[in-house]
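The values are calculated or read from the model by the stated rules, or taken from the named source; none is laboratory data. These numbers come from a predicted model, not from an experiment. Every residue, glycine among them, receives a Cβ derived from its backbone with ideal geometry; neighbour counts consider all protein chains shown.
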Amino acid sequence: MAQHSRFPVAPPHRAPEREATSHLALRAYATFSMFSALAYSWWYNLLGEIGALVLLGILLVATLAIWIPSLSRRRGAQAYAWRRLPWIALGYVGLALASAIWSQWPVATLLTWVALAGVTLQGLFLADMLTWGEIVRALEVALRWIVGGSLAFEAWVALAIGHPILPNFFRVSGDPDPHWYWVRGNLFDAWLVGDRVQGIVGNSNLLGMLCVVALIVFAVRLRVSIIDRLSAEVVTSRVVWIVLAAWLLVRAGSATSAVSGAAAVAVLAAALAMRRQRTPGGRTRVYAALTAIAAAGAAICWLGYDRIVGLLGRDGGLTGRADIWSAVIERALTHPVAGNGFSSPWVPWDPAFDGWIVDHDITVFQAHSMWLDAFLQLGVLGVVLIAGVFGSAVWRAWFIAVDRPRWDAHDDRAYSPLTLVPLLVMWALLAQGLAESNPIMLWGWMLMVMFVSRIKVTPELTHPDRDAEIGTRAPRRGVHRTADPAVRAES
């Protein structure tokens, strides 16, 4: 018969600790900062050039005001791990600044370097001040604002305004090129295949890529809610957001985003296949199979290039990108080693870029390839540094995703869905970088710096003493797991 004991085997139940108001405010600020970086063109189109610069300047000052006192208060084991900074990425930022010495467009170099330094600082700040779970959650909320705001804005223009609108709500005489419009009001023209929508960011390709990142984050959060057996309302809400993001991705009609999403799905399948292996021999066989599949896929893309781009609704020149790449390569070869000078994005009013490459009566502001952009601006040195940044980032993210969490003798802990987010986002950015330059400027660069910095400082996403994270399956017998109730509260 069971008897009452004064020596229970489990700790007494207690309510989870409430988060400090200051930390709640920090999380809210981090979410707003992420939204402002991801939807930077929203602020530009809404507030104008001066208003957007003022807002971003305020955010930069606020970040320094929050971060510097926090760094100065830390001592001992809590001190900032300066040796674990993403030095290759910082080397790229340093080379960009140094290029002002030999730049063919020095004013554009200094102006755009300030933006690069700002988003780099934001990435380091977010990686240092937030846990892995808070990073993913803040990213989810920011992307919800973009998806929901885009749907609401498109619906408002289509139903209430009834005609396309220009950035800053300008009015012009005549009928400008459709590419000048902020939003065209095409949301209800068709349910799936129809005129492309642009959302609050005012660009179909940018909106499509943000939807790809949103689908990655939303799907991971949905998996977390299922594992942690959250309420039906939470699960249903996350399913709805996935459906909305998928619909917006289709309506954006971006071939680049479709390829990036396909790359993320392929990497997800590879990571899940690797997670199922229990022995080194099994992993070796999976690596061999993945190598063969990758080689076959590359051969198919090479031989069936015209048919593939046709299925994506594009021509062999990738909607004018071939002409842009030809002009960029021609200028890049004039200074192949150190480049012509940093400028990401290109400053359209600078004489070096004004009217150089024009598409739909608009001066192009990027090379539509991060590799060619790096080659044009910083030469072979820049290409090597970018390859180092993405190569090291993908390498670290892969092993975090496919290796079990381990910080002591236990080697059979369950995987966390959160470990897939950095890997899938990085591969989506890599795929996008073939035809866009976003991964090395503004929001793309901020995400890379944030993930790389966080991976180097805290490679374990589920360590109970450092990050009480979510999304870990119920432990099997003999498997250690923290009893901290904050694990559930993280959801």
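Each row is one residue, and each column tells you yes or no for (1) at pLDDT 95 or above; (2) surrounded by fewer than 23 Cβ atoms within 10 Å (Cβ to Cβ); (3) farther than 29 Å from R73 by Cβ; (4) of a type in the set (G, A, S).
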| residue | (1), (2), (3), (4) |
| --- | --- |
| L90 | yes, yes, no, no |
| G94 | yes, yes, no, yes |
| L97 | yes, yes, yes, no |
| L111 | no, yes, yes, no |
| A115 | no, yes, yes, yes |
| M129 | no, yes, no, no |
| W132 | no, no, no, no |
| L139 | yes, no, no, no |
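Scanning the stretch 241-281 for residues that are outside any helix (DSSP H, G or I), under 24 Å from L187 (Cβ atoms) and among the hydroxyl-bearing types (S, T, Y) returns a single hit, S254.
Considering the conditions (1) surrounded by fewer than 23 Cβ atoms within 10 Å (Cβ to Cβ); (2) in a loop (DSSP other than H, G, I, E, B); (3) under 22 Å from the mean Cα position of the chain (by Cα), R238 is excluded by exactly one of them, (2). The set of residues from the stretch 189-198 being modelled with pLDDT of 85 or more and touching a Gly at 6+ places or on another chain (Cβ under 9 Å) comprises R196, V197.
Listed by first and then second residue, the pairs with beta-carbon distance under 6 Å, at least 6 apart or on different chains, first residue in the stretch 265-285 and within 24 Å of V425 (Cβ to Cβ), second in a loop (DSSP other than H, G, I, E, B) and not hydrophobic (A, V, I, L, M, F, W, C), are R275/Y415; R283/Q277.
Listed here are the residues, each with its yes/no results for (1) modelled with pLDDT of 90 or more; (2) more than 29 Å from L424 (Cβ to Cβ); (3) of a type in the set (S, T, Y).
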| residue | (1), (2), (3) |
| --- | --- |
| P167 | no, yes, no |
| G174 | no, yes, no |
| P178 | no, yes, no |
| I200 | yes, no, no |
| A214 | yes, no, no |
| V220 | yes, no, no |
| S225 | no, no, yes |
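This table checks each residue for (1) among the small types (G, A, S); (2) within 17 Å of L121 (Cβ to Cβ); (3) under 22 Å from the mean Cα position of the chain (by Cα).
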residue: A28; (1), (2), (3): yes, no, yes
residue: A37; (1), (2), (3): yes, yes, yes
residue: S41; (1), (2), (3): yes, no, yes
residue: L46; (1), (2), (3): no, no, no
residue: G51; (1), (2), (3): yes, no, no
residue: G57; (1), (2), (3): yes, yes, yes
residue: L60; (1), (2), (3): no, yes, yes
residue: I66; (1), (2), (3): no, yes, no
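Cβ-Cβ distances below 7 Å connect the following pairs, each with a first residue in the stretch 73-92 that is touching a residue at least 12 places away in the same chain (Cβ under 8 Å), a second residue that is basic (K, R), and a separation of six or more residues or different chains: Y80/R74; R84/K456; P86/K456.
Can you tell me which residue in the stretch 99-109 is farthest from A30 (Cα to Cα), limited to those that are touching a helix residue (DSSP H, G or I) at 6+ places or on another chain (Cβ under 7 Å) and buried (at least 18 other Cβ atoms within 10 Å of the Cβ)? Across the stretch 99-109, the extreme among qualifying residues is S103.
Residue under question is R75, and the condition is that it be surrounded by 13 or more Cβ atoms within 10 Å (Cβ to Cβ) and among the basic types (K, R); does it hold? When the stated conditions are applied, R75 does not pass them.
Only one of these is assigned to a helix (DSSP H, G or I) and either at positive phi or within 24 Å of the chain's Cα centre (by Cα) (or both): R331, R396. Name it. Criteria check complete, one pass: R396. Residue-level analysis places A332 outside the set of residues that are of a type in the set (G, A, S), without any contact (Cβ under 8 Å) to a residue 60 or more places away in the chain and under 25 Å from Y305 (Cα atoms). Evaluate the stretch 46-66: report whether one residue or more is buried (at least 17 other Cβ atoms within 10 Å of the Cβ) and outside any helix (DSSP H, G or I). No. Considering (1) in a helix (DSSP H, G or I); (2) more than 17 Å from the chain's Cα centre (by Cα); (3) buried (at least 19 other Cβ atoms within 10 Å of the Cβ), the lone condition that A155 does not fulfil carries the number (3).
Being hydroxyl-bearing (S, T, Y) and free of Cβ contacts under 8 Å to residues at least 24 places away in the same chain is a property that S231 has. With respect to (1) at pLDDT below 85; (2) within 24 Å of Y92 (Cα to Cα), the lone exception for Y415 is condition (2).
Under the condition of being among the acidic types (D, E) and closer than 11 Å to L248 by Cβ, the residues counted in the stretch 197-237 number 0. A residue that is small (G, A, S), modelled with pLDDT of 90 or more, farther than 25 Å from R196 by Cβ and surrounded by 14 or more Cβ atoms within 10 Å (Cβ to Cβ) occurs somewhere in the stretch 271-280.
Mind counting the residues in the stretch 369-387 that are under 17 Å from L429 (Cα atoms) and either of a type in the set (V, I, T) or surrounded by fewer than 24 Cβ atoms within 10 Å (Cβ to Cβ) (or both)?
7
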